[in-house]
Amino acid sequence: MLEVVCIGQDSSLFQICDGELYGIVEIDEQRRTSPWRDLALLSHPAVAAYLGDWLSRHGILAGSPHPPRLRWPSAEDRSSASRWI
């Protein structure tokens with residue numbers, strides 16, 4: 001199960017965590033709508049599966065400094081299911 005949490009003042013950053021590994025997803029300012037819609041988008045099963053795979057390859061242990069960042073447009077381009085959301 002993947003946990004997605006909105007962080008930051010401008011609501012463009014989301015922390016993703018699988019309980020062990022974590023990383024940051026950054027929503028491009030031009031793609032940003034509202035934190036709730038972005039959160040729903042990132043939580044969609046097809047997108048969450050993509051993010052979980054990315055996290056398993058690039059994530060770092062929870063609590064570690066400088067987590068890896070994934071810019072949303074690049075993730076969206078690679079996740080065909082996200083185009084339909």
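List the GluC sites (Glu not before Pro) within segment 1-61 that DSSP assigns to loop and that have no more than 15 neighbouring Cβ atoms inside 10 Å. Listed in order of number, the matching sites are GLU20, GLU29. Taking all protein chains as shown and a probe of 1.4 angstrom, HIS44 keeps an accessible surface of around 70 Å².
Residue ranking by accessible heavy-atom surface, 1.4 Å probe, largest first, among LEU55, LEU61 comes out as LEU61, LEU55.
The values are calculated or read from the model by the stated rules, or taken from the named source; none is laboratory data. Values in this document were obtained by computation on a predicted structure and should not be read as measured data. As a convention, Cβ positions derive from the backbone with ideal geometry for all residues, glycine included, and neighbour counts pool all protein chains shown. Note: accessible area is taken over every heavy atom of the protein model, side chains too, but ligands, DNA and RNA are not part of it. Shrake-Rupley method; radii C 1.70, N 1.55, O 1.52, S 1.80 Å.
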